[in-house]
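Okay, so here's the structure we're looking at.
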Amino acid sequence: MDHKLIVANWKSHKTVEEGALWLEELAKSLSSVDFSSKTLVVCPSFTSLALYVPLITNLKLPVILGAQTVSSYEEGAYTGEVSARQIQELVEYVIIGHSERRTLLHETDNAIEAKVGLAQKYELKSIVCIQDETTLIPQGTTIVAYEPPAAIGTGNVAAIDDIERVARAVTEKNPDIKFLYGGSVTDENIQHFIQQPFIDGILVGSASLDIKRFLTLLQQW
Ligand code: PGA
């Protein structure tokens with residue numbers, strides 16, 4: 001069976017302690033989820049990463065950490081920026097170009113290209129968020145997440161036809177790329193996505209915050 005990728009994007013939610021409780025709750029329910037068919041990536045805020053590395057090891061969790069973004073600068077006098085070289089110590093994956101960053105923080109295609117290049121240099125797997133099939137997918141991208149802005153946080157998932165069209169356009173040009181869908185995926189609608197051969201996984205925002213709800217989602221895939 002194909003290994004599916006499930007990415008939990010916590011955005012600016014959860015303190016270090018709240019996230020640790022979530023991981024501890026997950027540890028208690030591990031036997032209820034079949035992890036042989038999936039890879040689970042959790043993306044908390046930078047502030048939590050260094051603590052969760054040993055916590056995940058101690059709890060023996062099948063969880064891989066990811067970052068929600070990375071600097072487009074490699075190293076130097078860039079106050080507040082966190083570089084690929086720094087996060088490489090803590091995570092395997094990094095989300096790049098989320099539409100919230102493009103819109104609210106004015107992240108450009110040039111910056112996104114630089115981020116993917118640095119992620120590749122420091123052996124991080126980049127999950128590049130695209131808004132449609134015309135969004136630039138920089139060289140070195142490992143995974144693409146199709147996240148139509150109208151579907152993010154609204155409860156309005158994209159139509160399967162639309163996801164299939166974008167998946168085909170992306171994988172025709174980039175045959176080795178994994179294709180994820182994100183935007184209002186929940187424990188209640190996960191079934192729509194499970195059976196689609198062109199979807200290699202999902203990126204989940206709000207429905208990943210509550211561990212009970214997220215477990216219900218995990219148990220179905
Ligand atoms: P959502 O967010 O699941 O809350 O729609 C997804 C995302 O923005 O990654």
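List the helices (runs of 4 or more DSSP H) that sit entirely inside segment 82-137 and contain at least 3 residues that are within 15 Å of Ile152 (Cβ to Cβ) and of a type outside the set (A, V, I, L, M, F, W, C).
By residue number, 99-104.
Is it true that Ser184 is within 30 Å of Leu23 (Cβ to Cβ) and either open to solvent by 30 Å² or more (accessible area, probe 1.4 Å) or away from the ligand (no atom under 15 Å from the Cβ) (or both)?
No: the conditions fail for Ser184.
Tell me, please, whether a residue that is crowded, with 18+ Cβ neighbours inside 10 Å, assigned to a strand (DSSP E or B) and within 13 Å of the chain's Cα centre (by Cα) can be found in segment 55-63.
yes
Which residue pairs have Cβ atoms under 6 Å apart, sit 6 or more places apart or on different chains, and have a first residue in segment 198-220 that is at pLDDT below 95 and a second that is within 15 Å of the ligand (Cβ to nearest atom)?
Note: pairs meeting the criteria are Gln220/Ile190.
Can you work out which of the residues in segment 138-162 that are more than 16 Å from the ligand (Cβ to nearest atom) and outside any loop (DSSP other than H, G, I, E, B) is farthest from the chain's Cα centre (by Cα)?
Restricting to residues being more than 16 Å from the ligand (Cβ to nearest atom) and outside any loop (DSSP other than H, G, I, E, B), the top hit is Asp161.
Working only within segment 27-49, note down all residues that are more than 16 Å from the ligand (Cβ to nearest atom) and within 18 Å of the chain's Cα centre (by Cα).
Selection gives Phe35, Ser37, Lys38, Thr39, Phe46, Thr47, Ser48, Leu49.
So, in segment 206-216, exactly how many residues are surrounded by fewer than 22 Cβ atoms within 10 Å (Cβ to Cβ) and within 15 Å of the ligand (Cβ to nearest atom)?
6
Taking Arg165 and the conditions (1) within 16 Å of the ligand (Cβ to nearest atom); (2) in contact (Cβ under 8 Å) with a residue 12 or more places away in the chain, which numbered condition does it fall short on, given that it satisfies the others?
(1)
The values are calculated or read from the model by the stated rules, or taken from the named source; none is laboratory data. Keep in mind that this is a model prediction, so the values were computed, not measured. No Cβ is skipped: glycine too gets one built from the backbone with ideal geometry, and neighbour counts run over all protein chains shown. Keep in mind that these areas ignore ligands, DNA and RNA; they rest on the heavy atoms of the full protein, side chains included. Shrake-Rupley method; radii C 1.70, N 1.55, O 1.52, S 1.80 Å.
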